[in-house]
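The values are calculated or read from the model by the stated rules, or taken from the named source; none is laboratory data. Keep in mind it's a predicted model, so treat the numbers as computed, not measured. Here the Cβ is made from the backbone with ideal geometry for all residues, glycine too, and neighbour counts use every protein chain on show.
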């Protein structure tokens, strides 16, 4: 192993003296990180959705005895999408040109249906055919779901006012007619002043039972409106940009391309410098040095990337994961993956290794299997590379 | 006379083109063999195959036991981002020289190469050729194979090279060189071989 070590030292010295190549090697992980961040930022952007208001939505709508304010409801419901109010024509143009990804149309009659509470008011959704249409439909479904929840709150509040009237009595309106209700409470108090005949006692029992039952109506209504409620706990764990998968992809891409470019470039440089054939070392020793070069550079830069991720995780207060304790495991993977080089770079195995090394609770079995794969592929590729180099370089 | 290096039915093809037809050659101790011929005659191919830098398509190269070969290709072969000293030391270490630093110093001095920090890639053509010859002389080879070794050298360096070649021959070695220089075969060679279209005349 003395000659490959000498050749490796020579390659590292040349690398250090090649400022452009070194800048590319150091800059490449940064470019990967920036690209990942950009993709992450894009993934986090709200899609623009046009709102076409053919119904002429008023600022608020009276539902029963309650006032439902539309603007704040839209703001709350539209957290996942960026709603822009447009005319029908403008919305159609923007959909065709891709500036909005969907149109939500509020047709004529929407407000009267909302007020009457007799049939469900309808919203119309139109999307353009695109790879994102599935996501848009889900976003708008979420928007309608949130709007429905706001309205359910208003409807339930309105219905509960009638229940309250039945319980405690008072003045109320229904379909524009005013009426005065005695109420179960006042009925009970009136009956208490009457002689307690068996009939009066029976009626009082019913009144009490009815009061108890109606007292539960509010919760029962809410439960009926939302048989299954989704409660969102505070955000926990790493953001998407720092996830194990993103790190694994960034490391794999970096290691793969760097190892391939450096080893292939370095081998080509040997030929350009006309030293192959006069070097007092075999082709196998030369290739071993190139494999080692890929492994060393991949390990150094990949570990630097893993440490940079760790620093960001610590300084940004990102929760979850173990940024430091897994670095040695990642370094092993970097050496193995870097050594396996080349056009047949085993992306799948490297990815599985890094994913398991970074976040699996019990990573050992996966690490062992993938390490065997990487070593075997390294051996196979080295053999092939020797044959190819003999044909191409000598 | 001891045969140090021999070609037996040596051929080399590049695709359909036959660069070297079956060739037999003995290189004996103490001689200086000049290969002459027009461009494309096969001189460089024969030397590269004899040096082991190019595998033969047929035939074989035989070396006497313990015989070492030094090879100076026509286009200088060394690492452009390393200094001349680093190049010589690296090749010396790869060749297993016991004292690579001392050997590098001796060769740089012998060929008049400046021992500075300039990378070899920025040297003049003549300086690079001196480095090329220094690498070929590493390990004191028994047979020195050199392809147009003096083409880019000035008069003084040329004389120095022939002195070093004579030292090799005097120590029981041999020199085989290709040349286009008109008087060099007559002045420097003990035997002149003419090559034409891949065949020894």
If we keep just the residues of the range A:264-280 that are buried (at least 17 other Cβ atoms within 10 Å of the Cβ) and in contact with a helix residue (DSSP H, G or I) (Cβ under 6 Å, 6 or more places away or on another chain), which is farthest from the other protein chains (Cβ to nearest Cβ)?
A:267
Would you point out which residue out of B:77, B:70 is part of a strand (DSSP E or B) and within 14 Å of another protein chain (Cβ to nearest Cβ)?
B:70
Residues of the range B:106-130 being within 14 Å of chain A (Cβ to nearest Cβ) and either in contact with a strand residue (DSSP E or B) (Cβ under 7 Å, 6 or more places away or on another chain) or over 17 Å from residue B:152 (Cα atoms) (or both), in sequence order, are B:117, B:118, B:119
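Residues are listed down the side, and each one gets a yes or a no for (1) closer than 22 Å to residue A:267 by Cα; (2) in contact with a helix residue (DSSP H, G or I) (Cβ under 6 Å, 6 or more places away or on another chain); (3) modelled with pLDDT of 75 or more:
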site: A:315; (1), (2), (3): no, no, no
site: A:320; (1), (2), (3): no, no, no
site: A:328; (1), (2), (3): no, no, yes
site: A:354; (1), (2), (3): no, yes, no
site: A:358; (1), (2), (3): no, yes, no
site: A:366; (1), (2), (3): no, yes, yes
site: A:385; (1), (2), (3): yes, yes, no
site: A:393; (1), (2), (3): yes, yes, no
Of these, A:261, A:251, A:283, which one is surrounded by fewer than 22 Cβ atoms within 10 Å (Cβ to Cβ) and more than 30 Å from residue B:134 (Cα to Cα)?
A:261
What residue, of B:88, B:49, B:61, is within 18 Å of the chain's Cα centre (by Cα) and assigned by TED's automatic domain parsing to the domain that holds residue B:125?
B:88
Only one of B:46, B:50, B:35 is part of a strand (DSSP E or B) and either touching a residue at least 24 places away in the same chain (Cβ under 8 Å) or buried (at least 17 other Cβ atoms within 10 Å of the Cβ) (or both), namely B:35
From the option list B:82, B:135, B:145, single residue qualifying as touching a residue at least 60 places away in the same chain (Cβ under 8 Å), crowded, with 17+ Cβ neighbours inside 10 Å and not in a helix (DSSP H, G or I) is B:145
Exactly one of B:134, B:166 is out of contact with any strand residue (DSSP E or B) (no Cβ under 8 Å at 6 or more places or on another chain), outside the structural domain of residue B:190 (by TED's automatic domain parsing) and at pLDDT 90 or above, and that residue is B:134
Answer residue from the range A:352-368, given it is without any contact (Cβ under 8 Å) to a residue 12 or more places away in the chain and assigned to a helix (DSSP H, G or I) and is farthest from residue A:332 (Cα to Cα) among those:
A:365
Among the residues of the range B:89-105, write down those that are touching a residue at least 24 places away in the same chain (Cβ under 8 Å), within 12 Å of chain A (Cβ to nearest Cβ) and part of a helix (DSSP H, G or I).
B:91, B:92
